[in-house]
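Rule-based calculations on the coordinates, nothing more; no lab input. Note that the structure is predicted; figures quoted are calculated from it, not measured. Cβ placement follows ideal geometry from the backbone for every residue including glycine, while neighbour counts extend to all protein chains displayed.
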Amino acid sequence: MNPIYLIRHCATTGQEPEAPLTVAGEQQALALAAFREIVAAGKTTALVTHGNLTALLLRRLGLPFDADKQARLTNPDVFRVTATESGCEIQRIWGEAK
């Protein structure tokens, strides 16, 4: 099965839904463009979401993800989720430890 990518959004100027990206966020979005190409090719699915929902999804998939780990999420952050016979494998492929 093809992997699913959970992507936390890029850096923004605020929390409101209409908040624009910061200059750094615009650069991050350009760097994430490779995921758009992978998804467009039909090779995988990408879900771009907020940090809270990312944490909830990762917990639901079995990754021990407490408030401390949630606080260390970066903007952006990317996790690759691959189905296995015993459940799923989750790998953080973007983001730096804070």
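Here are a few things to note about the model shown:
- For Thr45, the residues whose amide H sits under 5 Å from its own are Tyr5, ignoring neighbours fewer than 5 places away on the same chain, with H placed 1.01 Å from N.
- Beta bridges by DSSP in the chain, antiparallel share as percent, to the nearest 5: 70
- Distance in nm between pseudo-label sites at Ala83 and Leu63 (7 Å out along the Cβ direction from Cα): 1.9
- Taking every DSSP helix (H) stretch of at least 4 residues in the chain, weighting each as -39,500 (n - 2.57) and dividing the sum by the residue count yields a mean residue ellipticity at 222 nm of -9000 deg cm²/dmol.
- Each 5 Å bin from zero up to the one holding the largest Cα-Cα distance in the chain carries the following percent of pairs: 3, 12, 22, 25, 19, 13, 4, 1, 0.
- Centre-to-centre separation between the Cα atoms of the stretch 1-31 and those of the stretch 36-98: 14 Å.
- Phi to ³J(HN,Hα) by Karplus 6.51 cos²θ - 1.76 cosθ + 1.60 over the stretch 71-87, Hz, x for Gly, Pro: 5, 8, 4, 10, 10, x, 8, 9, 10, 9, 10, 10, 5, 10, 5, 9, x
- Each Lys and Arg adds +1 at its Cβ and each Asp and Glu adds -1 at its Cβ; summed about the Cα centre, the chain shows a dipole of about 180 debye.
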